[in-house]
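Asker: Got a structure for you, written out below as structure tokens; questions coming shortly.
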Amino acid sequence: MKFDRLWERLFEYVNEWASAREVPGGIEVTFRTPQGVTRTVEVVVTSAEWDDYISTIYGTGDPRATPFREKVLATPDTARYLVYDGTYDWQPSEARELPGDDFNPGPGEWVVEDAEGNVIDRFGDFNGD
């Protein structure tokens, strides 16, 4: 039961503090900033990714147990999107893809890039030192 309706429960939760609308490949979240400005952030996450995120990391099925709200509200004004990066974190972006940057992987880290050289996934190995 705790993993039933995870996607729907996310919308119910968001609608408690903002307005959520499903869009292809994500959720549009509209909220008021502390300055009273209405702002919309598109969260790029599929229902399958959300199911994996909440059931693997948080194990409760309750979106309140995650930093999701804080991540959405903290999205910089320069970023229209908040992209789920597949490694249980969220990245602000100016496009629906993970932001391309000058990330240089160190030992035990790798990145996946698209054909244009934009970083679309990151992974850092756990170093037991």
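Asker: Using a 1.4 Å probe on the protein chains only, how many percent of the accessible area of segment 44-98 belongs to carbon and sulfur?
Answerer: 47
Asker: Here is a follow-up. Which percent of Cα pairs goes in each bin when the distances of segment 1-102 are cut into 10 angstrom slices starting at zero?
Answerer: In order of increasing distance, the bins hold 16, 51, 28, 5, 0 percent.
Asker: Under a 1.4 Å probe, what is the accessible area of segment 1-75 per residue, stated in Å²?
Answerer: 53
The values are calculated or read from the model by the stated rules, or taken from the named source; none is laboratory data. Predicted model, so just to flag it, every value in this text is computed and none were measured. Side chains included, ligands, DNA and RNA excluded: accessible areas come from the protein's heavy atoms. Shrake-Rupley method; radii C 1.70, N 1.55, O 1.52, S 1.80 Å.
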